[in-house]
Every structure is written in structure tokens, then in C-alpha cells.
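Student: Sharing a structure here in C-alpha cells format.
The values are calculated or read from the model by the stated rules, or taken from the named source; none is laboratory data. Values in this document were obtained by computation on a predicted structure and should not be read as measured data. Here Cβ is always computed from backbone atoms with ideal geometry, including for glycine, and neighbour counts include all displayed protein chains. Accessible surface areas use protein heavy atoms only, side chains included; no ligands, DNA or RNA. Shrake-Rupley method; radii C 1.70, N 1.55, O 1.52, S 1.80 Å.
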Amino acid sequence: MTFRHAAAAITAMLVMSTVAAQTATPAKPATAAPAPAASTAKAGANPATDTATPGMPKAETPTVAANASPAGTAKPGEATAGQGKAAACGACHGIDGNSTDAQYPRLAGQSEQYIAAQLEEFKSGKRVNPIMLGFASSLSEQDMHDIGAYFATQKPLPGVADQALVEQGETLYRQGDTARGIPACMACHGPSGAGNPGAHYPRLTSQHSQYVEARLKAWKASTEPSTDPHTKIMMPIAQKLDDKDIAAVASYIEGLHSNEPTQAAPAGP
Ligand code: HEC
Ligand code: HEC
């Protein structure tokens with residue numbers, strides 16, 4: 001059985017009963033794992049990133065007070081403990097967090113805090129995804145931190161931007177569009193996309209554009225205002241982007257390389 005089947009099975013069970021789904025969560029879908037080395041991932045120089053200028057003035061610096069430190073009673077995660085606990089995740093996200101299938105987000109290099117927080121949200125149902133509900137529901141808070149610490153230490157493989165979209169994407173990312181009230185993405189996600197773990201701004205560097213697009217479009221399409229303080233930040237931003245903006249900025253993000261020291265670089269590359 002492939003992990004897709006496993007995922008479909010989870011989804012089906014969820015429909016029948018969430019309780020059943022918890023106990024039916026396959027512990028080891030890793031048997032269907034794609035090649036772990038992710039060696040087919042695109043690599044290459046991306047001129048877009050050569051123009052990265054840390055500290056460059058931005059069109060607008062949002063002053064959202066989003067940095068209420070994420071609560072949590074778990075001890076800081078341990079990457080070595082997390083490696084074993086992350087075995088089941090590799091089927092989709094790649095053993096080293098560099099997923100080869102672009103519908104699954106890359107976790108390599110993502111911050112422990114953000115990964116743990118998202119897992120908590122999947123588990124509580126605040127972030128709705130039937131597949132991830134199945135995988136998160138069996139994890140303790142400590143597991144989430146250990147797994148987060150493991151992926152945070154993995155090296156993200158560079159992605160490549162679509163040259164036809166780079167210019168528009170770069171302008172949005174680095175300057176936003178004041179006339180339309182769109183803030184510069186880099187104001188929060190950093191000039192090289194490294195994010196800011198303390199403020200719960202995720203790392204975006206070299207994330208699959210297909211996933212970034214899907215995430216932005218989901219926020220854009222959402223009609224219910226979110227109560228989550230972090231989602232509350234991204235939702236109105238996504239709603240100001242049109243489909244072309246989304247495609248452009250997503251492609252630019254995939255091509256971003258974290259090749260310069262950034263303000264709030266997390267542990268790891
Ligand atoms: C069957 C495939 C599959 C498996 C196995 C899987 N995931 Fe996921 N994961 C997904 C999908 C699909 C998404 C995107 C969900 C969405 O669009 O909201 C996701 C999203 C995530 C995210 C959010 C990333 C971000 O950038 O916001 C995290 C964190 C995550 N998964 C961690 C894990 C962990 C940890 C495991 C193992 C315990 C795991 N996943 C196993 C499919 C999978
Ligand atoms: C004011 C700060 C801020 C700005 C400006 C901002 N973001 Fe975000 N972004 C966030 C926060 C906070 C989250 C986490 C949201 C959550 O947890 O629901 C996030 C999440 C994301 C994600 C999801 C990443 C993942 O791994 O799932 C994407 C994609 C994203 N932002 C893209 C953008 C783009 C593109 C722009 C510019 C058009 C932008 N952001 C501007 C704060 C910001």
C-alpha cells in the first residue's frame with residue numbers, strides 16, 4: 001500500500017469517526033517512502049537572490065504585535081530523539097525534510113518553534129488538514145519539539161525560481177505594494193526568507209512554490225475570520241494578492257537561497 005493509499009484511508013476513517021482515525025493512524029507509512037536522498041530536487045544558481053540586500057528599506061513595516069512568545073511547557077527539542085520520531089514523516093516530507101513532491105511542504109531548516117506550533121494546530125483542528133490531523137494526533141508536545149528540532153537541523157536544498165515571474169515576485173517580496181496595502185513579505189520573513197522563530201514567522205526559503213501558492217490561495221479563499229493570532233496576520237495579506245501575484249511571489253520564494261547571515265537566523269543552516 002502506498003502512502004497515498006494510507007492517506008486516503010486516514011481521510012476516509014476521519015469521515016467515519018475521528019476516534020477511529022486516531023487509533024488507525026499508520027505508524028509506519030515510511031515503507032512507501034520516496035527516495036530519501038531527494039537527489040532529484042532542483043538545484044541551481046538563481047540570480048534573483050543575488051540582489052538580496054539585507055536591511056534594504058521596505059515600503060512598509062507592519063507593526064503587528066505578533067510576537068507574543070509561543071506558550072509551551074515542553075523542554076527544548078532534541079534533534080537526535082526527533083530523528084526516530086520523524087521516520088513516519090519521511091514518506092511525504094522526505095527523510096531529511098526535503099520533500100520531492102511539491103504538494104508536501106519542505107520542513108528542512110524550518111524552525112522548531114514553527115513546526116511544533118503547526119503540529120499542535122493540526123492536532124487541535126485549528127489548522128484543518130485530514131492527513132496531518134492523523135499524523136499529529138498521536139504526538140505529544142515533547143514529540144513535536146523533538147521532531148521540530150530534527151528538521152530544523154536539516155539542510156534545505158535550494159530551489160529554482162521561474163525567470164519569467166522573478167521580477168514581479170521580487171518586487172512584492174522585497175517592497176510589497178503600498179498602493180494596494182500589501183506589506184513587503186521580507187519585513188517579517190526576512191531578506192533571505194529565513195523567518196523569525198521567536199515571532200513565529202516561518203522560514204520560506206526554497207519552499208515549493210506549489211505549496212506556497214496553495215497556502216496563500218487557501219487564506220485568500222477563506223471567508224471565516226481566523227481567531228489564530230498568526231493566521232490573522234497572513235489572511236488579510238493573502239486576500240490582497242491576485243492570482244498572478246501569488247504565482248510570482250511563490251516562484252520567487254522557491255528560488256530564494258539563504259546565503260547570507262540574517263537577523264534572526266535559527267540554529268541550523
Ligand atoms: C501522507 C503524507 C504526509 C505525511 C506522512 C506527513 N505529512 Fe505533514 N503534511 C502533509 C501535507 C499534505 C501538508 C500540507 C497541509 C496543508 O496544506 O495545510 C503537511 C504539512 C505539514 C506541516 C506544516 C508545514 C508548514 O510549512 O506549514 C508540518 C510541520 C508537518 N506536515 C509535519 C509532519 C510531521 C512531523 C509528520 C510525521 C509525524 C508528517 N508531517 C507526516 C502530508 C504529510
Ligand atoms: C506582518 C508579518 C508578515 C508579513 C508582512 C508577511 N507574513 Fe507571511 N507569515 C506571517 C506569519 C505570522 C505566518 C504564520 C501563519 C500561521 O501560523 O498561520 C506566515 C506564514 C506564511 C506562509 C506559510 C508558510 C508555511 O510554511 O506554511 C507563507 C507562504 C507566507 N507567510 C507568505 C508570505 C508572503 C508571500 C508575504 C508577502 C506578500 C508575507 N507572507 C508577508 C507573517 C507575515
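Student: How much FRET efficiency would the formula 1/(1 + (r/R0)^6) give for residue 129 and residue 78, where r is the Cβ-Cβ distance and R0 is 25 Å, rounded to 0.05?
Tutor: Details: r = 26 Å, r/R0 = 1.04.
That gives a FRET efficiency of 0.45.
Student: On to the next question. State the answer as a single residue: which of 133, 94, 83 lies farthest towards the positive end of the charge dipole of region 66-157, with beta carbon charges of +1 for Lys and Arg and -1 for Asp and Glu, about the Cα centre.
Tutor: 133
Student: Using amide H atoms built 1.01 Å from N in the peptide plane, name the residues 5+ places from residue 201, or on other chains, whose amide H lies under 5 Å from its own.
Tutor: 196
Student: Per residue and in cubic angstrom, what volume does the convex hull of the Cα atoms of region 158-262 have? Write down the numbers at each step before the final one.
Tutor: Details: hull volume 9.8 nm³, N = 105.
In region 158-262, the Cα convex hull volume per residue is 93 Å³.
Student: Could you give me the percent of Cα pairs per 5 Å distance bin for region 84-215, shortest bin first, beginning at zero and ending with the bin that holds the maximum distance?
Tutor: For region 84-215, the pair-distance distribution reads 2, 10, 17, 24, 20, 13, 8, 4, 1, 0.
Student: Work out the charge dipole of region 158-262 with +1 on the Cβ of Lys and Arg and -1 on the Cβ of Asp and Glu about the Cα centre, then indicate which of 199, 187, 172 is farthest towards its positive end.
Tutor: Toward the positive end, the furthest listed residue is 199.
Student: Here's another thing I want to ask about it. Using a 1.4 Å probe, how large is the accessible area of residue 233, given in Å² and rounded to the nearest 10?
Tutor: 30
Student: Per-residue HN-Hα couplings for region 182-196, Karplus 6.51 cos²θ - 1.76 cosθ + 1.60 at θ = phi - 60°, whole Hz, x for Gly and Pro?
Tutor: 9, x, 5, 4, 5, 4, 10, 8, x, x, 10, x, 6, x, 8
Student: Going by amide H atoms built from the backbone, whose H comes under 5 Å of the H on residue 182, apart from near neighbours?
Tutor: 177
Student: Cross-link list 126/232; 126/217; 126/220; 126/244; 123/240; 217/244: which exceed 19 angstrom alpha carbon to alpha carbon? Write down the numbers at each step before the final one.
Tutor: Numbers: 126/232 12 Å; 126/217 17 Å; 126/220 17 Å; 126/244 28 Å; 123/240 29 Å; 217/244 11 Å.
Long pairs (Cα-Cα over 19 Å): 126/244; 123/240.
Student: Another one. Rounded to the nearest 20 Debye, what is the dipole magnitude of region 66-157 about its Cα centre when Lys and Arg each give +1 and Asp and Glu each give -1 at the C-beta? Intermediate results must be reported in sequence, preceding the final value.
Tutor: Details: 7 positive and 9 negative charges, 27 e Å.
With only Lys, Arg, Asp and Glu charged at Cβ, the dipole is about 140 debye.
Student: Counting other Cβ atoms within 10 Å of each Cβ, which GluC sites (Glu not before Pro) in region 109-193 have at most 16 and sit in a DSSP loop? Intermediate results must be reported in sequence, preceding the final value.
Tutor: Working: sites: 112, 120, 121, 141, 167, 170; in loops: none.
Within region 109-193, no GluC sites (Glu not before Pro) qualify (loop, at most 16 other Cβ atoms within 10 Å).
Student: With only alpha-carbon pairs counted, each pair once and no self-pairs, how large is the Kirkwood hydrodynamic radius of region 66-157 in angstroms?
Tutor: On the way: mean 1/r = 0.0770 Å⁻¹.
That comes to 13.0 Å for region 66-157.
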